[in-house]
Amino acid sequence: MLEVTGLRAWYGEAQALHGVNLSVGEGEVVTLVGRNGAGKTTLVRCLIGLHRQVGGTVSFLGRDITGMPAHRRARAGMGWVQDDRGIYAGLTVEENLLLPPKVSDRAWTLDRVYEAFPVLADRRKAPGTTLSGGEQQMLAIARVLRTGARLLLMDEPSEGLAPVVVARIGAIIREIKETGVSVLLIEQNVKFAATVADRHYLLSQGRIVEALDNSEFRRREVQLLEHLGI
Ligand code: ATP
């Protein structure tokens with residue numbers, strides 16, 4: 001699905017990523033964990049085509065997309081769940097859901113969205129601005145599913161949300177995986193990461209320093225928390 005080889009990234013003269021290798025398979029959920037400043041956001045921005053000062057290669061669904069602009073990556077099936085949630089404040093929940101262009105025949109219908117996210121069905125006429133943090137996060141995820149994206153990239157979907165909402169987001173990520181869609185998420189919440197992901201990459205100072213399957217990740221949870229300083 002996604003293969004990243006030797007990815008380097010710069011901000012002017014300053015190098016932020018130093019040869020990152022990672023992969024995400026079909027229907028796999030993979031997390032990227034690391035301290036603040038490790039390069040997680042830069043990496044995701046490189047993958048979605050928003051950071052262009054890069055070296056190395058990114059291939060998606062067997063195609064080299066390294067030089068491809070962001071809008072074409074989206075059309076190819078790369079879905080970004082924006083970290084600021086990117087919701088149109090002046091539009092209702094349903095209007096927000098009707099906006100995304102369909103990029104594959106896996107696009108979720110409105111009915112399917114409302115079945116998976118009953119809270120969005122209840123709030124369908126509500127303006128985007130009146131949603132709680134958790135509802136906004138669900139709307140952001142649902143909007144990407146509406147496109148039929150094959151890979152979802154998420155930046156800390158659990159951040160700032162109540163535990164019950166985090167658990168619901170976890171369940172949704174597992175449901176998404178069941179449909180064969182892949183997920184790559186940045187996550188600082190190690191406990192949450194362990195409940196949703198198949199594999200994990202630990203990023204430190206712009207390098208992948210560990211690649212762990214979930215059982216190993218769970219065994220080393222205490223050590224990882226120490227590394228992350230949280
Ligand atoms: P956080 O969790 O704090 O967002 P992160 O792991 O996502 O951290 P990045 O934001 O990708 O890390 O930052 C990686 C490195 O790149 C850091 O050294 C940071 O200072 C630098 N960096 C990030 N954005 C810029 C920018 N716009 N200009 C210059 N340097 C930047």
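The values are calculated or read from the model by the stated rules, or taken from the named source; none is laboratory data. The shown structure was predicted, so the numbers you read here are calculated from the model rather than taken from an experiment. Here the Cβ positions follow ideal geometry from the backbone for every residue, glycine too, while neighbour counts run over all protein chains shown. For accessibility, only protein heavy atoms count, side chains too; no ligands or nucleic acids. Shrake-Rupley method; radii C 1.70, N 1.55, O 1.52, S 1.80 Å.
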**Request:** Return the only residue of Ala171, Ala193 being within 16 Å of the ligand (Cβ to nearest atom) and part of a helix (DSSP H, G or I).
**Result:** Ala193
**Message:** So in segment 35-46, with the set limited to residues that are over 10 Å from Ala70 (Cα atoms) and of a type in the set (Lys, Arg), which one is farthest from the ligand (Cβ to nearest atom)?
**Reply:** Arg35
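Let's see how each residue does on (1) more than 16 Å from the ligand (Cβ to nearest atom); (2) touching a residue at least 12 places away in the same chain (Cβ under 8 Å); (3) open to solvent by 60 Å² or more (accessible area, probe 1.4 Å):
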position	(1), (2), (3)
Thr5	yes, yes, yes
Ile48	no, yes, no
Val81	no, yes, no
Leu97	yes, yes, no
**Verdict on Arg199 being farther than 19 Å from Leu153 by Cα and surrounded by 13 or more Cβ atoms within 10 Å (Cβ to Cβ)** = no
**Message:** Among (1) part of a strand (DSSP E or B); (2) open to solvent by less than 10 Å² (accessible area, probe 1.4 Å), there is one condition Ser23 misses while meeting the rest; what is its number?
**Reply:** (2)
**Asked** How many residues are surrounded by fewer than 19 Cβ atoms within 10 Å (Cβ to Cβ) and part of a loop (DSSP other than H, G, I, E, B) when one looks only at segment 50-64?
**Response** 5
**Fill in**
Screening Ala149, Ala142, Ala194, Ala116 for residues that are open to solvent by 10 Å² or more (accessible area, probe 1.4 Å) and small (Gly, Ala, Ser) leaves only Ala116
